[in-house]
Amino acid sequence: MLTRILNLFKGHEPDPLPEPDARLALGALMVRVAKSDSDYRFEEISLIDRLLAQMNGLNPVEAAKMRATCEKIEAAAPGTKKFALLIRETVSFEARLEAHEALWQVMLADGDSNDAELAVVTQVREALGLTEADCDEARARVAAK
């Protein structure tokens, strides 16, 4: 009887995280960029939700749930390069450019970019197989919006 009562206080084991696919990997990378400056702001969170909704055809609630999953994956994830390689191996060049542009949007969402965020974006660019010119074009498109 005491064992059953103690087991109630332990709670249940958390649900296992899904194996990341390219969509979840990109979401986790967006979260990683936003968190890289140790200041995960509302502007960044809401932009990630909008981008996930737009890129995956989700409604706002579904996008928020996906972001929450991406946050958990990001926290448990190995290096940034592994996620970027997953995207590189599974999507087209155009989709990789779109992914990189999404990362720039997140980086610039709070109006305060810094070296930590830039380092993550640069590492992803390299792992995605994109050139510096591709990066410059993605940033210019984001700045023009």
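Only one of the numbered conditions (1) farther than 15 Å from Val33 by Cβ; (2) within 12 Å of the chain's Cα centre (by Cα) is not met by Lys82, and that is (2).
Out of segment 54-64, which residues are farther than 20 Å from Glu98 by Cβ and either touching a Leu at 6+ places or on another chain (Cβ under 7 Å) or surrounded by fewer than 14 Cβ atoms within 10 Å (Cβ to Cβ) (or both)?
Applying the first criterion (farther than 20 Å from Glu98 by Cβ) to segment 54-64 yields 59-61, 64.
Hits for segment 54-64 are Asn59, Pro60, Val61.
Just one residue in the set Glu43, Glu13, Glu19 is more than 12 Å from the chain's Cα centre (by Cα), modelled with pLDDT under 95 and under 18 Å from Glu101 (Cβ atoms); that residue is Glu43. Would you mind stating whether Glu74 is of a type in the set (Asp, Glu), at pLDDT 95 or above and surrounded by 13 or more Cβ atoms within 10 Å (Cβ to Cβ)? Against the criterion (of a type in the set (Asp, Glu), at pLDDT 95 or above and surrounded by 13 or more Cβ atoms within 10 Å (Cβ to Cβ)), Glu74 does not qualify.
In the condition set (1) in contact with a Leu (Cβ under 9 Å, 6 or more places away or on another chain); (2) assigned to a helix (DSSP H, G or I); (3) modelled with pLDDT of 90 or more; (4) not β-branched (Val, Ile, Thr), Ala28 is compliant with all but (1). Selection of first residues in segment 86-106 that are touching a residue at least 60 places away in the same chain (Cβ under 8 Å) and of second residues that are assigned to a helix (DSSP H, G or I) and not hydrophobic (A, V, I, L, M, F, W, C), restricted to Cβ pairs under 7 Å at least 6 apart or on distinct chains, gives the following pairs, ordered by first then second residue: Ile87/Arg96; Val106/Glu44. Looking only at segment 85-108, residues that are in a helix (DSSP H, G or I), more than 15 Å from Ala28 (Cβ to Cβ) and of a type in the set (S, T, N, Q) come to 1 in all. As for segment 109-132, it holds at least one residue that is farther than 19 Å from Ala25 by Cα, out of contact with any strand residue (DSSP E or B) (no Cβ under 6 Å at 6 or more places or on another chain) and surrounded by 20 or more Cβ atoms within 10 Å (Cβ to Cβ).
The values are calculated or read from the model by the stated rules, or taken from the named source; none is laboratory data. Keep in mind the model is a prediction, meaning the values are calculated, not measured. Heads up, the Cβs are rebuilt from the backbone with ideal geometry, glycines too, and the neighbour counts pull from every protein chain shown.
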